[in-house]
1. Give the residue list of GluC sites (Glu not before Pro) in the range 1-64 that are DSSP loop and have at most 16 other beta-carbon atoms within 10 angstrom.
2. For n ≥ 4 DSSP H runs only, could you compute -39500 (n - 2.57) per run for the chain, divide by its residues and tell me the 222 nm figure to the nearest 500?
3. Would you please give the residues with an amide H less than 5 Å from that of Gly56, counting only those at least 5 places away or on a separate chain, with H modeled from the backbone geometry?
4. With labels modelled as points extended 7 Å from the Cα through the Cβ direction, what inter-label distance (nm, one decimal) is found for Leu172 paired with Ala32?
5. How large is the charge dipole for the range 8-213, taken about the Cα centre, if only the Cβ atoms of Lys, Arg (+1) and Asp, Glu (-1) carry charge, to the nearest 20 debye?
6. Round to the nearest 0.05 the FRET efficiency obtained for Asn75 and Ala163 when R0 = 45 Å and r is the Cβ-Cβ distance.
7. Relative contact order (percent) for the chain, with alpha-carbon contacts under 8 angstrom and 6 or more residues of separation?
8. Which of the following values of Cα extents along the principal axes in Å was calculated from the structure shown: (1) 46, 39, 32; (2) 43, 38, 35; (3) 58, 50, 32?
Amino acid sequence: MLVSSCGLRRLELSVAEPEKTVDFFAAVLGWAVIAEPGGSFTGWVGDRLAAQVVAGQEGWRVFFGGDEPRELKANSSVDSGRVLHGPWAPQPRHGEPCWVELMTEAPEDEFWAGELGWQIKPGTDDFVLYTSSRHGDPRPVAGRLTTARSQGWQVYFAVDDLAQACARVSELDGRVLLEPTTVPTGLVASVEGPHGGACVLLENPKGWGGNWAS
C-alpha cells in the first residue's frame, strides 16, 4: 500500500558554476554554506538543509520524501529518509524552502496522486492543490499550474522582507523576473541568480504553502 508523501526530503540545484551560485543564494537567503566532497555545496538554515548545489545544467531537482526511492517525472525523485520541509514541518524560516509548484502544459494529476499518494483538490480552471493525509487531516503539499511558461517544478523560499531580498538580488547582479506581487500563495517575487537558479521568494509564509497553509 502506498503511503502518502508529506513533503520535501531535499532540493538540488544543478548549474554550471555551483560555488558562485551557492554564494549568491547564501547572500540573499542567509545560508551557511558547507563545501561537500566532489565539488558540491550545501546551504543550511540552522540545522536544516535548504538545498544542495552541484555541477551540471539541469536546474532544480525536487526530492520528495517517501518509502521507496525512485525517479519520477519533471526532474523530480522520491528519496527515503526524514522529510525536512512540508505541511507538518516547523514554520519555514528565512532562507528555507516553503512551497513547490508544478508548471506544466499537460497536467497529469493522476500520475502524481498515484506515485505519491496525494489527493487532488480542484482550485481554478488552471490550478489544483495536491494534498497529503499522511499525518492526519489533508494538508496542501504542492500545487500544479497549467501554463505555457517555464516547465517543471518551481521552488519557493521564505524571506522576511521581500523588497529587501529583491534589492539584494539586484545588487548581486541577479535578475528580478517578476516584481513583488500578491497571488493566492502570498506576496511573491520571481528571481534568478547571475549563474542560474530561478526561484520564487515568498514573504513571511504562515506555513508550508503560505496562505494555502490556512
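1. Of the GluC sites (Glu not before Pro), the ones in loops of the range 1-64 whose Cβ has at most 16 other Cβ atoms within 10 Å are Glu58.
2. Dividing the helical sum by the residues of the chain leaves -4000 deg cm²/dmol.
3. The list, which skips near neighbours in sequence, is Val15, Ala16.
4. Modelled inter-label distance: 1.8 nm.
5. 400 debye
6. After rounding, the FRET efficiency stands at 0.90.
7. Working: 554 pairs, mean separation 45.9, N = 214.
Across the chain, relative contact order equals 21 percent.
8. (1)
Only the coordinates and a few stated rules stand behind these numbers; no lab work does. In this text, all values refer to a predicted model and were calculated from it rather than measured experimentally. Glycine also receives a Cβ, built like all others from the backbone with ideal geometry; neighbour counts cover every protein chain displayed.
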